[in-house]
1. One residue is enough: does segment 31-48 have a residue meeting the conditions touching a Ser or Thr at 6+ places or on another chain (Cβ under 8 Å), assigned to a helix (DSSP H, G or I) and not charged (D, E, K, R)?
2. Hey, among the residues in segment 165-219 that are among the polar types (S, T, N, Q) and under 21 Å from the mean Cα position of the chain (by Cα), which one's surrounded by the fewest Cβ atoms within 10 Å (Cβ to Cβ)?
3. What number of residues within segment 27-60 satisfy the criterion of being open to solvent by 20 Å² or more (accessible area, probe 1.4 Å) and over 16 Å from residue 77 (Cα atoms)?
4. Just to verify a result, which residue in segment 113-125, among those that are part of a helix (DSSP H, G or I) and in contact (Cβ under 8 Å) with a residue 60 or more places away in the chain, is surrounded by the most Cβ atoms within 10 Å (Cβ to Cβ)?
5. Within the group 163, 142, 154, 132, which residue is assigned to a strand (DSSP E or B) and closer than 24 Å to residue 14 by Cβ?
6. Can you work out which of the residues in segment 98-112 that are open to solvent by 30 Å² or more (accessible area, probe 1.4 Å) and part of a loop (DSSP other than H, G, I, E, B) is farthest from residue 225 (Cα to Cα)?
7. Find all pairs meeting these conditions: Cβ atoms under 8 angstrom apart; at least six residues apart or on different chains; first residue within segment 251-273 and on the phi > 0 side of the Ramachandran plot; second residue open to solvent by less than 90 Å² (accessible area, probe 1.4 Å) and in a helix (DSSP H, G or I).
8. Tell me, yes or no, whether segment 86-97 has at least one residue that is part of a strand (DSSP E or B) and not small (Gly, Ala, Ser).
Amino acid sequence: MKIDRDAPVGVFDSGIGGLTVAREIMRNLPSEKIVYFGDTARVPYGSKSKETVIRYSRQIIRFLEEQQVKAIVVACNTASAFALDAVREEFDIPILGVIEAGAKVAAQVTRNKRVGVIATEGTIESGTHAKVLKQIDPEITVIGKPCPLFVPLVEEGWTHDPVTVEVASRYLKELQEKGIDTLILGCTHYPLLRSTIGQIMGEGVQLVNPAYETALELGKLLKEQNMQSTGQGQSDFPYRFYVSDLAEKFKGFANSILPFDVEKTQKIDIEKY
């Protein structure tokens with residue numbers, strides 16, 4: 001099958017958190033087009049069962065295939081933890097998750113081999129970060145901590161609010177006591193709380209933002225497979241946004257974190273895929 005190098009990259013998430021991944025792809029791979037899908041009708045994934053997350057992921061990948069994407073980034077840690085292996089086997093298209101890229105970097109930068117992971121409950125319970133980190137370096141101790149309130153706080157726009165600082169201080173206290181020197185922001189919403197988390201953890205703890213690392217991994221993958229965009233046929237606006245619900249709300253949030261204005265977000269019926 002001949003790949004159209006100028007086809008877009010598909011990026012999906014349970015909602016708006018994956019926009020942090022899209023933002024890093026835009027910054028680091030500026031010639032690539034993107035089709036973004038946010039499953040805003042069925043968010044959050046973190047509290048759903050594995051079977052359900054796999055079913056949702058399959059539907060979204062079918063939709064993205066219809067948009068003729070050349071590769072897919074699962075910009076959601078829960079879907080990366082629960083569905084990545086299953087969908088890689090089923091679909092004949094390169095699919096990247098967000099867990100491996102972050103884990104690789106964490107394993108490189110940790111000095112005392114004590115790595116913390118903050119994420120949704122589903123991601124922490126799946127143990128995927130720990131599994132990947134142990135494969136890279138069996139001596140690493142992984143300390144996971146679910147932070148379920150971070151997502152609604154980010155979606156409310158309260159990234160620098162005293163309430164968020166209070167919640168973060170409580171969640172992170174346990175990790176401070178365990179002496180970690182590296183912390184993976186294991187949910188795509190969490191980079192938006194990076195400064196708050198960094199202040200609480202202090203300078204001795206290195207924060208790993210998997211959104212940035214995933215964009216670099218995607219760049220490597222496209223290069224290896226000779227799928228980098230030629231930059232030809234660029235439309236005025238190379239990014240398209242789709243959601244399963246609440247298009248206006250999504251657009252408002254997207255405009256607050258992306259480097260340009262999103263003029264249109266289209267709502268689609270994901271259940272029919």
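The values are calculated or read from the model by the stated rules, or taken from the named source; none is laboratory data. A quick note: this is a predicted structure, and the numbers were derived from the prediction, not measured. In this analysis, Cβ positions are derived from the backbone assuming ideal geometry, glycine residues included, and neighbour counts consider all displayed protein chains. Note: accessible area is taken over every heavy atom of the protein model, side chains too, but ligands, DNA and RNA are not part of it. Shrake-Rupley method; radii C 1.70, N 1.55, O 1.52, S 1.80 Å.
1. no
2. Kept after step one, since they are among the polar types (S, T, N, Q), are these residues of segment 165-219: 169, 176, 182, 188, 195-196, 199, 206, 209, 214.
From the residues that got through so far, the ones that are under 21 Å from the mean Cα position of the chain (by Cα) too are 182, 188, 195-196, 206, 209, 214.
Values: 182: 24, 188: 30, 195: 12, 196: 21, 206: 18, 209: 20, 214: 29.
So the residue we want is 195.
3. 7
4. 123
5. Result of the check over 163, 142, 154, 132: 142.
6. Filtering segment 98-112 for residues that are open to solvent by 30 Å² or more (accessible area, probe 1.4 Å) and part of a loop (DSSP other than H, G, I, E, B), the one farthest from residue 225 (Cα to Cα) comes out as 112.
7. From segment 251-273, no pairs qualify.
8. Start the filter on segment 86-97 by keeping residues that are part of a strand (DSSP E or B), which leaves 95-96.
Now restrict to residues that are not small (Gly, Ala, Ser): 95-96.
For segment 86-97, residues part of a strand (DSSP E or B) and not small (Gly, Ala, Ser): present.
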